[in-house]
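Right, one structure below, let's go through it.
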Ligand SMILES: Nc1ncnc2c1ncn2[C@@H]1O[C@H](COP(=O)(O)OP(=O)(O)O)[C@@H](O)[C@H]1O
Ligand SMILES: [Mg+2]
């Protein structure tokens, strides 16, 4: 396959790094999948239909209605391309699983459907990388992901987007977080994509938690309409949505909703935006809904520019203006995510470092 | 020609004249102290030397190593040998102290030694000044300067708000930076130290002191004596005596 290894690394898919399993798709073809640990199952979704009937009967379009939008309708009419990942009861896996979805331009639309199932007490980290094989290809990527987290399980789900300037991307995601389970989503997009629209939803059970972190660096003429919806349905459940958005000329609409529906729900969201250019737009729409008196929901939002005082301060130490600015921007994007394994953090840092180097 | 020579310096901030004709010089290897009440223009003077935005030089000149630095940008001045410890340094979220230090000086051993000396090793992984107490910020400033090793250190109230234990740590850093353990004739690095309280004088010997009031240099002299006078009579009462006593000396200085 003609994709440069650096490009794979820049989307978090490092063939040398330790991983418990792999899955790689180019256009509509599954190029490789493997699984190196007992208790973990990684296979094409189509294969899973044959091996585990419940996947088709209960899980497929179990969280996302087939007729939710044009994309889900399209996806429901074709054979699915994507992974089925399952971790058996009580199995805790330290090394992350790596998945890559590459768009080579063989077809105008790339339709992906993934299903993740963690049984009671299981834990897993998945790093998904998405990119064009070549920056020039144009088309649409539609990625549907349905995630089922059993009681007390824990999933860290990192998504790294490195799409080219002519790509439109429409991920549709839904997660059911079972009692006492934990879901951590960590999203990074730094490349000059044309358009990304996504509004994943987590339904959070009793004493469970869902956290969405996103880092978006919007290049000139990129358009993002992204966010997350957290429905705190179980007693004592909690949710968090944190986003850091930088615009050097692109438009970012950041929608965040937390709905506290029962007793003891705790929710917090934070959206910080940094505008680097006059033609950039950041539109932050934080929304809180409370449906029970005994809940605690809060949000913070800010949009600003790089502080001149901070730039001057760093310059007094001998750093050039651009060096000082990029250090501050890099710092702004450095979200400290509790519970993110070091191995994954290293991948994410590397991706951001690569994206920022020489480009600002 | 002095190492640093400030001539008839007029500086405006937000349209208001703050410095109204300051003359001052510092020789290589010497430490000058600046005394003056709050709001007299001490920080403005250091800001103008460092080239911070917001301070507009409307008249006069600043010569460093024989060259006017007025047209240099902040970072150029820094690379030319000017360093500054801020009175109120900003906090910079996401930028770790250690990362900045690496950008300032690639000599990892020296960074480590400096951090140890200032008891700051556990702070290098923290965001720059974020959540630092007053005293920690001052230590962080001195650490950054030690790593930078400027030829001219501008120290804006390095001891204010710092407890005694930490003052001695800071002073130790300054002694190294200013080569205080070498004989006077062999010292190269200079400093201007602003002090409101004079406390730092118990730790760092200065060679000369200037008194600034209302944007003017009233005079200069031996640091200990001037400080005693200020302590005894306060700045207000001193105005007169300085004005008379040091006027001659000041002009002589300039002529030299
Ligand atoms: N950036 C600024 N904009 C407007 N006024 C300023 C600014 N910086 C200082 N000043 C004013 O200049 C005067 C001198 O301030 P400063 O140099 O900080 O005094 P000192 O350090 O001696 O206490 C004060 O009246 C202060 O309010
Ligand atoms: Mg001051």
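The values are calculated or read from the model by the stated rules, or taken from the named source; none is laboratory data. Small disclaimer: the values here were computed from a predicted structure and weren't measured. For neighbour counting, all protein chains shown are included, and Cβ atoms are generated from backbone atoms with ideal geometry for every residue, glycine included.
Any residue at all in the stretch A:213-232 that is in contact (Cβ under 8 Å) with a residue 12 or more places away in the chain, out of contact with any helix residue (DSSP H, G or I) (no Cβ under 6 Å at 6 or more places or on another chain) and within 21 Å of residue A:122 (Cα to Cα)?
Among the residues of the stretch A:213-232, not one is in contact (Cβ under 8 Å) with a residue 12 or more places away in the chain, out of contact with any helix residue (DSSP H, G or I) (no Cβ under 6 Å at 6 or more places or on another chain) and within 21 Å of residue A:122 (Cα to Cα), which makes the answer no.
Out of all the residues in the stretch A:302-312, which are out of contact with any strand residue (DSSP E or B) (no Cβ under 9 Å at 6 or more places or on another chain) and more than 7 Å from every other protein chain (Cβ to nearest Cβ)?
Selection gives A:311 alone.
Does residue A:297 satisfy the condition of being away from chain B (no Cβ under 14 Å), surrounded by 17 or more Cβ atoms within 10 Å (Cβ to Cβ) and assigned to a loop (DSSP other than H, G, I, E, B)?
Criteria not met by residue A:297.
Considering only residues that are touching a residue at least 40 places away in the same chain (Cβ under 8 Å) and near ligand 1 (Cβ under 9 Å from one of its atoms), which ones fall in the stretch B:45-83?
Once the filter is applied, which keeps residues that are touching a residue at least 40 places away in the same chain (Cβ under 8 Å) and near ligand 1 (Cβ under 9 Å from one of its atoms), the stretch B:45-83 yields B:45, B:46, B:54, B:55.
What is the number of the single condition among (1) within 30 Å of residue A:208 (Cβ to Cβ); (2) in contact (Cβ under 8 Å) with a residue 40 or more places away in the chain that residue A:274 does not meet?
So residue A:274 meets the others, but not (1).
Yes/no matrix, rows are residues, columns are (1) within 16 Å of ligand 1 (Cβ to nearest atom); (2) at pLDDT 95 or above; (3) part of a helix (DSSP H, G or I); (4) away from chain A (no Cβ under 14 Å):
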residue: B:131; (1), (2), (3), (4): no, yes, no, no
residue: B:135; (1), (2), (3), (4): no, no, yes, yes
residue: B:140; (1), (2), (3), (4): no, yes, yes, no
residue: B:145; (1), (2), (3), (4): no, yes, yes, no
residue: B:154; (1), (2), (3), (4): yes, yes, no, no
residue: B:162; (1), (2), (3), (4): no, no, no, yes
residue: B:165; (1), (2), (3), (4): no, no, yes, yes
residue: B:168; (1), (2), (3), (4): no, no, yes, yes
residue: B:171; (1), (2), (3), (4): no, no, yes, yes
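If residue A:315 satisfies all but one of (1) within 14 Å of another protein chain (Cβ to nearest Cβ); (2) surrounded by fewer than 19 Cβ atoms within 10 Å (Cβ to Cβ); (3) free of Cβ contacts under 8 Å to residues at least 24 places away in the same chain, what's the number of the condition it fails?
(2)
Inspect the stretch B:37-44 for any residue being in a loop (DSSP other than H, G, I, E, B), more than 16 Å from ligand 2 (Cβ to nearest atom), crowded, with 17+ Cβ neighbours inside 10 Å and on the phi > 0 side of the Ramachandran plot and give the result as yes or no.
no
Considering every residue within the stretch A:86-101, establish whether at least one is surrounded by 18 or more Cβ atoms within 10 Å (Cβ to Cβ), touching a helix residue (DSSP H, G or I) at 6+ places or on another chain (Cβ under 8 Å) and closer than 24 Å to residue A:167 by Cα.
Yes, the stretch A:86-101 has at least one match.
Going through B:47, B:29, B:54 one at a time, which residue ends up being outside any strand (DSSP E or B) and within 13 Å of ligand 2 (Cβ to nearest atom)?
Of B:47, B:29, B:54, the one residue that is outside any strand (DSSP E or B) and within 13 Å of ligand 2 (Cβ to nearest atom) is B:47.
State yes or no: is residue B:156 within 19 Å of residue A:314 (Cα to Cα) and buried (at least 23 other Cβ atoms within 10 Å of the Cβ)?
Yes.
Can you tell me which of B:29, B:36, B:41, B:108 is more than 19 Å from the chain's Cα centre (by Cα) and away from every other protein chain (no Cβ under 14 Å)?
The match here is B:108.
Does the stretch A:295-304 contain any residue that is more than 28 Å from residue A:192 (Cβ to Cβ) and under 19 Å from the mean Cα position of the chain (by Cα)?
no
Show me the strands (runs of 3 or more DSSP E) entirely contained within the stretch A:102-217 in which 3 or more residues are within 28 Å of residue A:303 (Cα to Cα).
Qualifying strands (runs of 3 or more DSSP E): A:154-162, A:167-177, A:182-189, A:195-198.
Of the numbered conditions (1) more than 24 Å from residue B:130 (Cβ to Cβ); (2) in contact (Cβ under 8 Å) with a residue 24 or more places away in the chain, residue A:293 fails exactly one; give the number of that condition.
(2)
For every residue, the table says whether it meets (1) within 16 Å of ligand 2 (Cβ to nearest atom); (2) modelled with pLDDT of 95 or more; (3) surrounded by 22 or more Cβ atoms within 10 Å (Cβ to Cβ); (4) assigned to a loop (DSSP other than H, G, I, E, B).
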position	(1), (2), (3), (4)
B:25	no, yes, no, no
B:58	no, yes, no, no
B:70	no, yes, no, yes
B:83	no, yes, yes, no
B:113	no, yes, no, no
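If I filter the stretch B:12-24 for residues that are out of contact with any helix residue (DSSP H, G or I) (no Cβ under 7 Å at 6 or more places or on another chain) and away from ligand 1 (no atom under 13 Å from the Cβ), do I get at least one hit?
Yes: one or more hits.
Could you look through the stretch B:85-105, keep only residues that are in contact with a helix residue (DSSP H, G or I) (Cβ under 6 Å, 6 or more places away or on another chain) and more than 10 Å from every other protein chain (Cβ to nearest Cβ), and pick out the one that is nearest to ligand 2 (Cβ to nearest atom)?
Among those residues, the one meeting the criterion is B:87.
Under 28 Å from residue A:14 (Cβ atoms) and assigned to a loop (DSSP other than H, G, I, E, B): which single residue out of A:337, A:352, A:347 fits that description?
Answer to the selection: A:337.
Of the residues that sit in the stretch B:115-129 and are within 14 Å of chain A (Cβ to nearest Cβ) and in a loop (DSSP other than H, G, I, E, B), which one is surrounded by the fewest Cβ atoms within 10 Å (Cβ to Cβ)?
B:125
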